[in-house]
Amino acid sequence: MVAATLEPHDAARSSVCVGSGGETGGDASADRACADPQRLRAMIDAHYDFIWRSVRRLGVRADMVEDAVQQVFLVAARKVGDIADGSEKSFLFGTAVRVASDARKRAHVRREIATDALEEAADDVPSAEDLLDQRRARALLDRVLAEMDLDLRTVLVLYELEEMSTPEIAALLGIPLGTAASRLRRAREDLEGRMRRLAAQPSQRGGAT
């Protein structure tokens, strides 16, 4: 149902907490981020890819993802002493949801960038027609997900894209198992309904048949 997802660059992962320029580098936050380097580095190594994918799938534009991920780990760095052992992933994901929400509010134009589809398909080198179909499918999915309630979108992303089980989702979000299952059911129904309505709409491109 879902197209392949971009993966973070190794350089972006290694830049977290380096403090070497950019929005997060060389400031007081970066200095504080390195106050407990061993635990922070362990969190980055274990969860960076997951947080990167989560931020992207929660609607942050491709050109804003790395900055958003940096923000997530800077928040974690400032609060590292308050994060209970074993709850690092849950804390990071909760922070990612909030950061992604803020990033979407700042983005006035929501559109797919052509390089997204090109990077996703680089290994297979598909035909121009296949590439266009992938871009359209990705753009459609992003449009539908962006319109969904955040709670529903979150469980759907975790279940369908991260392939987490319902108990794992409940534990990650800190909600009862029944709540997670209910949200997932409603999310699927919502997604299917939105896709059906979109499919039933006539093309918005005038003159093309």
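The values are calculated or read from the model by the stated rules, or taken from the named source; none is laboratory data. Because the structure is predicted, anything quoted here is derived from the model rather than measured. Positions of Cβ are generated from backbone atoms using ideal geometry, with glycine treated the same way; all protein chains shown enter the neighbour counts.
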Looking at (1) modelled with pLDDT under 90; (2) over 12 Å from the mean Cα position of the chain (by Cα); (3) charged (D, E, K, R), which one does Asp85 not meet, given that it meets all the others?
(1)
Would you check which residues across the stretch 68-90 are more than 15 Å from Asp49 (Cα to Cα), assigned to a helix (DSSP H, G or I) and of a type outside the set (A, V, I, L, M) and list them?
Arg78, Gly81, Asp82
For the stretch 166-183, enumerate the residues that are within 19 Å of Glu88 (Cβ to Cβ) and part of a loop (DSSP other than H, G, I, E, B).
Gly174, Ile175
Determine which single condition Ala122 fails, assuming it passes every other condition in (1) in a loop (DSSP other than H, G, I, E, B); (2) modelled with pLDDT of 90 or more.
(2)
Taking the stretch 18-49 and keeping residues of a type outside the set (Lys, Arg), under 23 Å from the mean Cα position of the chain (by Cα), surrounded by fewer than 18 Cβ atoms within 10 Å (Cβ to Cβ) and modelled with pLDDT of 85 or more leaves Ala42, Asp45, Ala46, Asp49
